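The values are calculated or read from the model by the stated rules, or taken from the named source; none is laboratory data. All figures in this text were calculated on a predicted structure; none of them were measured in a lab. Positions of Cβ are backbone-derived with ideal geometry, glycine not excepted, and every protein chain shown enters the neighbour counts. These accessible areas exclude ligands, DNA and RNA; they are computed on the full protein's heavy atoms, side chains included. Shrake-Rupley method; radii C 1.70, N 1.55, O 1.52, S 1.80 Å.
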Amino acid sequence: MKHINKISNNINNNKNATLSNMEDAKYLMLLCKERSDLVIKTEFGIGHYRFFKFNQIQGNFVMEFQLIDDNTYNDTDNINKNIGQKCFLTTEQYISVYSYLGQA
């Protein structure tokens, strides 16, 4: 898993796209409040993450998650040392993880 991932669709500058993205952001915020914690497998182990905020990286809309110091997950120190406390997911990645958790 790459630490920072690019989103597949850039935010358009026209007014309709902006309004649509604002609506999408509202729904995503509701999902983030409902399911703020995620367990994510990285190349350095499995970590427990919590939604922190929406962010933009190089003009791309991403969701920022922070690594939680959770004794249940033994890889936390290794993840923090190698890739840091932040994890960025695209909206598509978050929806995919959320959908997977909903089916489990």
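What net charge do the residues around ASN55 carry, taking every other residue with its C-beta under 11 Å from that of ASN55, with Lys and Arg at +1 and Asp and Glu at -1?
On the way: positive: LYS53, LYS86; negative: GLU64.
Taking every Cβ under 11 Å from that of ASN55, the sum is +1.
Shown for the range 22-95: the carbon plus sulfur share of the solvent-accessible area, taken with all protein chains present and a 1.4 angstrom probe, equals 49%. Taking amide H atoms as placed 1.01 Å from N in the peptide plane, the amide H of TYR73 has no partner under 5 Å among residues 5 or more positions away or on other chains. Legend: residues GLU34, GLU23, sorted from most to least accessible area (1.4 Å probe; ligands, DNA and RNA excluded), read GLU34, GLU23. Note on exposure: VAL62, VAL97 ranked by accessible area (1.4 Å probe, complete protein assembly) read VAL97, VAL62, with the most exposed listed first.
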